[in-house]
Structure formats: C-alpha cells, structure tokens
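Working notes, structure below.
The values are calculated or read from the model by the stated rules, or taken from the named source; none is laboratory data. Quantities reported herein were computed from a predicted structural model and do not represent experimental measurements. Cβ atoms come from the backbone with ideal geometry, glycine included; neighbour counts cover every protein chain shown.
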There are 4 protein chains.
Amino acid sequence: MKLQLDTKSGVPYYRQIIEQVKVAVAHGRLAPGEQLPTVRRLAVDLSINPNTVVRAYRELEIEGVLETQQGSGTFVGHQRPEIDDLERHRLLDQIVTELLARASSYGFTLDDVLGGLVQRKEASS
Amino acid sequence: MKLQLDTKSGVPYYRQIIEQVKVAVAHGRLAPGEQLPTVRRLAVDLSINPNTVVRAYRELEIEGVLETQQGSGTFVGHQRPEIDDLERHRLLDQIVTELLARASSYGFTLDDVLGGLVQRKEASS
Amino acid sequence: MKLQLDTKSGVPYYRQIIEQVKVAVAHGRLAPGEQLPTVRRLAVDLSINPNTVVRAYRELEIEGVLETQQGSGTFVGHQRPEIDDLERHRLLDQIVTELLARASSYGFTLDDVLGGLVQRKEASS
Amino acid sequence: MKLQLDTKSGVPYYRQIIEQVKVAVAHGRLAPGEQLPTVRRLAVDLSINPNTVVRAYRELEIEGVLETQQGSGTFVGHQRPEIDDLERHRLLDQIVTELLARASSYGFTLDDVLGGLVQRKEASS
DNA sequence: GTGGTCTAGACCACC
DNA sequence: GTGGTCTAGACCACG
C-alpha cells in the first residue's frame with residue numbers, strides 16, 4: 001500500500017489519505033483484515049503531522065472502512081466502501097481541469113495534452 | 001467567455017477562476033489580447049466579492065497569463081514563454097506524469113483520464 | 001529578523017515586505033527552514049492589517065522563497081532567490097532618487113546631501 | 001531634461017515625475033525660469049496619459065517647485081524656501097537618517113548609497 | 001494557535 | 001470608468 005500526497009493541489013492531506021485508502025479497499029488492493037501502517041509510521045513516511053493521519057483514520061473508521069483495535073493497530077474493515085459514482089466523476093473532472101490548467105501555463109493546448117497522453121498509451125501497450 | 005463556480009466542491013472560488021481562465025486559454029476560447037470581464041462585472045456575474053476576482057486576476061498576471069492595463073482593463077497576455085521544443089516537451093511530460101500519478105492513486109487509469117479529456121474536447125467544439 | 005516599513009514612500013506595504021524578506025534570504029540573514037514571524041505577529045509589529053502580511057507571504061510562496069505549513073507557520077524555502085542585480089540596482093536608484101527629491105523640496109542640492117552623508121560616514125568610522 | 005519611468009517598480013508614474021523633476025532642480029540641471037516640456041509633449045514621450053502629467057505638474061506647482069503661466073507653459077520656480085540654517089540641517093539630517101534606515105533594510109550600506117549619489121553627480125556633470 | 005478564504009467597504013491611482 | 005491597496009472582521013481548515 002503506497003500513499004502519495006499531492007502538495008500542490010490544495011486538497012487537504014487528510015482528505016487525500018481518506019480518498020486513496022477508500023479506493024484501494026474498494027479495488028481490493030487492501031484486503032479485509034489487512035493492517036494499515038501505524039499512525040506514526042505513516043506520518044513519518046508522508047512527512048506530515050501525526051494528527052493529520054489520526055484524523056483521516058478516524059473518519060475512515062466512522063465510515064466503516066477501517067477498524068481500530070486499541071493497542072494493536074488499524075485494520076481494513078470487512079464491509080466494502082461504496083464509491084459514489086458522482087463523487088468519482090467530479091474527482092476525475094477536477095484532475096483533468098488541473099492537468100489542462102497547468103499545461104496552459106506553459107502554452108500547451110488541449111490537443112497538445114491529448115497528443116502527449118495518446119503517445120504514452122501507445123508506449124505502454 | 002463564461003465562467004461558472006462550483007460552490008459545493010470546496011475548491012476556493014479564486015482557484016476555480018484561475019483554472020477556468022487557464023483552461024479557456026488552452027482551448028483557444030480566450031485569444032491573446034482579448035479583454036476579460038472587468039473585476040466588478042465578473043464579481044456581479046458570479047455573485048462574489050470583487051476582491052476575490054482581483055485575487056484570481058492578480059495571480060494570473062504574476063504567472064504571465066494575463067496583463068492588466070491600469071485604468072483600462074485586464075487582457076489575455078501575448079507572451080508565451082519562448083522555450084525550445086525539447087524543453088517544452090520535457091515539461092509537458094512532467095506535468096502529465098505528475099497528474100497521472102495522482103489519478104492512479106485515486107484509482108483512475110490512463111484511459112479514464114484520456115476519456116475525460118476527449119469529453120472536454122467534444123464539449124468545446 | 002527586523003522588518004521596517006516606510007510609510008511615506010508610496011510603495012505598497014506588501015511590496016516592501018516582499019522585497020525585504022527576499023533580500024534577507026538572499027543574504028543568508030534568514031536561513032532555509034527558519035520560521036518567519038506569524039502573520040498575526042508581524043501585523044501587530046508593523047501596525048498593519050494581517051491580510052496585508054498574508055498577501056506578502058503568499059506572493060513569496062508563489063515565487064518559492066517561502067513555504068507555508070498549514071497550522072504550523074511560514075518558513076524560509078530551500079531554494080534561494082536570486083536577486084537580480086538589475087533589480088537591486090533599480091532599488092538603490094529609487095532610494096537615492098527619493099533622498100534627493102525630499103532634500104530638494106527643502107532647497108538642498110546634491111552636494112548638500114553628499115556632504116551630509118560623508119559627515120555621517122566619518123562619524124561612524 | 002530627460003525623464004524616464006520605471007514601469008516595474010510599483011511607484012505611480014506621477015510620483016516618479018515629481019521626484020525626477022525635484023532631483024533635476026536639486027542638481028541644477030533645471031535652472032529657475034527654465035521651461036519644462038509641455039504636458040502633451042511629455043505625455044507622448046513617456047507614453048502615458050496626459051492627465052498623469054497634469055497631475056504631477058499641479059503637485060509640483062503647489063509645492064512651489066514649478067510655476068505655470070497660462071498659455072505659455074510651465075517653468076521652474078524661483079522661490080527657495082526660507083528657513084534658518086540650523087533648522088535646515090536638522091531637516092537634512094532627518095531625511096538622511098530615514099532613507100539610510102530604509103536602504104539598510106534592503107541590504108544596502110551607507111557606502112552603497114554614497115556610491116549611488118556620486119554616480120548621479122558624475123552623470124550630471 | 002497556525003494559515004486560508006471570503007466579505008464589505010473605503011480610498012487611491014490611472015485612463 | 002478601470003484596477004490597486006488596505007482595513008476590519010468573520011469563519012474555516014489544519015496541526
């Protein structure tokens with residue numbers, strides 16, 4: 001399980017953690033019962049404040065995605081989170097918008113970006 | 001030029017303005033030299049405070065996307081930074097890599113992003 | 001770190017803050033990683049509105065001179081700003097111009113001012 | 001008499017004009033009775049709005065630096081302010097102190113300022 | 001307690 | 001009329 005923070009996006013860290021954990025669980029990359037990194041460990045890995053991790057884990061627990069066992073750690077729950085399709089669409093939209101916005105700062109058009117992506121797709125296939 | 005704010009996304013208004021202007025420039029919907037809505041006008045249109053518009057325009061000016069002419073208005077800038085093609089492509093590549101990484105950590109594939117882009121392209125034509 | 005505002009020069013406060021911080025960082029008087037005064041603190045010290053400080057810090061962050069960590073403070077970035085020699089020269093020129101302008105309002109000539117400065121130099125050595 | 005505007009400094013044009021005229025008078029480059037460029041002429045030369053020149057001239061007239069003669073033009077005034085020598089020197093001292101403080105907060109030393117002044121003197125001779 | 005965003009409204013500078 | 005600067009003060013996000 002590898003989490004990554006985007007420091008430039010303006011999206012709060014704890015939200016990024018929540019979203020990524022949820023997706024990983026929904027996709028099965030994190031299996032029910034599997035242990036997550038400890039709060040301290042993850043905080044160190046991501047170079048953020050432990051409280052931020054605590055907050056993310058707490059919200060995920062409230063949603064039933066995670067379960068904490070006092071003294072032993074935090075684990076993936078047995079109930080799969082449902083990912084809201086609408087929410088998901090908005091997320092993708094936001095990413096695309098940011099991609100285009102950043103690209104345009106350097107004078108790239110939508111077609112330039114499209115070309116770059118197609119090229120990448122071909123390279124990977 | 002039509003701007004719209006998403007009041008529920010949690011993304012700050014000024015950031016939404018910035019990104020939409022950049023995207024419009026990337027699309028060619030805003031041509032170099034073209035005048036943008038005045039600060040007060042846009043503020044009224046979007047039902048927000050003029051200072052919020054000022055802030056967005058200001059950041060866009062710092063980045064070189066817009067140019068302001070005291071007393072007459074705000075305009076799309078002419079100067080696209082002249083960097084050589086190789087450097088340009090390295091930059092685009094870097095941006096794409098970064099955003100794909102972010103997309104993938106949310107569970108999106110290259111195809112998802114590609115699809116989102118194509119949709120934008122169609123919407124604008 | 002001691003900042004000073006010149007209230008008579010007509011140069012905006014936020015610009016003066018930006019310039020002085022940049023110089024201090026470039027000179028090493030502010031070391032990378034060092035914390036700056038908090039927004040509220042500096043506002044009180046300079047007797048200005050916190051938003052004015054926010055604005056200065058914000059621009060410095062965009063330029064990469066400062067880094068802010070939500071909830072903990074504002075710090076000097078790890079990338080040194082290069083002070084454009086031209087920029088620096090312009091700044092000195094501006095100061096000299098103002099010195100002469102103010103002096104001339106009272107009928108002093110360039111030589112009068114020069115004399116005053118030389119005297120001061122001797123007194124200090 | 002050659003005026004130049006610094007468009008990047010953030011200092012208002014009319015203020016730059018005022019200061020440069022004052023400096024020129026202090027240098028003796030503009031002698032009492034000498035005619036200044038007409039409003040329109042200077043506006044064209046500096047590529048600014050005539051109203052901006054009008055404003056600068058008006059303030060200089062209020063201060064007694066210039067005198068306008070309706071229909072014939074604007075001229076350097078004859079009146080030197082009369083204050084006693086002691087008071088005069090206290091004033092000069094105060095101005096110098098103030099500007100040195102400002103210079104030092106931008107990282108300039110007394111010698112830097114002195115150098116700048118000497119350069120002016122040479123340029124004008 | 002830190003910075004971030006936004007509003008409301010004043011006054012200035014410039015065309 | 002345009003944008004630029006600053007204040008005062010509210011509320012939120014984060015650590």
(request) Select from the range C:1-14 the residues that are touching a Ser or Thr at 6+ places or on another chain (Cβ under 9 Å) and facing another protein chain (nearest Cβ under 8 Å) and write down the one among them that is farthest from DNA strand E (Cβ to nearest atom). (result) C:GLN4
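I'd like to verify a number: residues in the range A:14-28 that are more than 12 Å from B:TYR106 (Cα to Cα) and surrounded by fewer than 19 Cβ atoms within 10 Å (Cβ to Cβ), how many?
Going through the range A:14-28 one residue at a time, the tally reaches 1.
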(request) State all residues of the range D:93-125 that are of a type in the set (Val, Ile, Thr) and either surrounded by 17 or more Cβ atoms within 10 Å (Cβ to Cβ) or under 22 Å from C:ASP85 (Cβ atoms) (or both); if no residue qualifies, say none. (result) D:ILE95, D:VAL96, D:THR109, D:VAL113, D:VAL118
(request) Hey, can you tell me all the residues within the range B:49-66 that are near DNA strand F (Cβ under 10 Å from one of its atoms), over 17 Å from C:VAL54 (Cβ atoms) and charged (D, E, K, R)? (result) B:GLU61
(request) List every residue pair whose Cβ atoms lie under 7 Å apart, where the two residues are 6 or more positions apart in sequence or sit on different chains, the first residue falls within the range C:108-125 and is closer than 16 Å to D:LEU91 by Cβ, and the second residue, located anywhere, is acidic (Asp, Glu) and surrounded by 13 or more Cβ atoms within 10 Å (Cβ to Cβ). (result) C:GLY116/D:ASP93
(request) Name the single residue, out of those in the range D:68-92 being touching a Ser or Thr at 6+ places or on another chain (Cβ under 9 Å) and at pLDDT 85 or above, that is farthest from DNA strand F (Cβ to nearest atom). (result) D:PHE75
(message) Pairs needed: first member in the range A:61-73, within 10 Å of A:GLN35 (Cα to Cα); second member anywhere, surrounded by 10 or more Cβ atoms within 10 Å (Cβ to Cβ) and among the small types (Gly, Ala, Ser); C-beta distance under 6 Å; at least 6 residues apart or different chains.
(response) A:LEU66/A:GLY77; A:GLU67/A:GLY77
(request) Within the range B:43-81, work out how many residues are under 12 Å from A:TYR106 (Cα atoms) and at the interface with another protein chain (Cβ under 9 Å from one of its Cβ atoms). (result) 5
(message) What's the number of the only condition in (1) away from DNA strand E (no atom under 12 Å from the Cβ); (2) under 26 Å from D:LEU100 (Cα atoms) that C:TYR57 fails to meet?
(response) (1)
(request) Please determine, by comparing only the residues of the range D:109-125 that are closer than 16 Å to C:LYS121 by Cβ and at the interface with another protein chain (Cβ under 7 Å from one of its Cβ atoms), which one is modelled with the lowest pLDDT. (result) D:LYS121
(request) Go through (1) more than 26 Å from D:TYR13 (Cα to Cα); (2) over 14 Å from the mean Cα position of the chain (by Cα); (3) more than 16 Å from DNA strand E (Cβ to nearest atom); (4) within 7 Å of another protein chain (Cβ to nearest Cβ) and name the single condition C:TYR106 misses. (result) (1)
(request) Kindly list the number of the only condition in (1) within 30 Å of D:THR52 (Cα to Cα); (2) surrounded by 13 or more Cβ atoms within 10 Å (Cβ to Cβ) that fails for B:LEU46. (result) (1)
(message) Considering only residues that are more than 10 Å from chain C (Cβ to nearest Cβ), within 14 Å of DNA strand E (Cβ to nearest atom) and either charged (D, E, K, R) or more than 12 Å from the chain's Cα centre (by Cα) (or both), which ones fall in the range D:15-42?
(response) D:VAL39, D:ARG40, D:LEU42
(request) Please verify whether the range C:19-31 includes one or more residues that are within 13 Å of DNA strand F (Cβ to nearest atom) and either acidic (Asp, Glu) or without any contact (Cβ under 8 Å) to a residue 12 or more places away in the chain (or both). (result) yes
(request) Could you figure out which of (1) under 24 Å from D:LYS22 (Cα atoms); (2) of a type outside the set (A, V, I, L, M, F, W, C); (3) crowded, with 19+ Cβ neighbours inside 10 Å isn't true of C:THR74? (result) (1)
(message) Could you list, ordered by first residue, the pairs with Cβ atoms under 8 Å in which the first is in the range C:81-103 and farther than 19 Å from C:GLY116 by Cβ and the second is exposed (fewer than 14 other Cβ atoms within 10 Å of the Cβ) and at pLDDT 80 or above, at least 6 apart or interchain?
(response) C:PRO81/C:GLY64
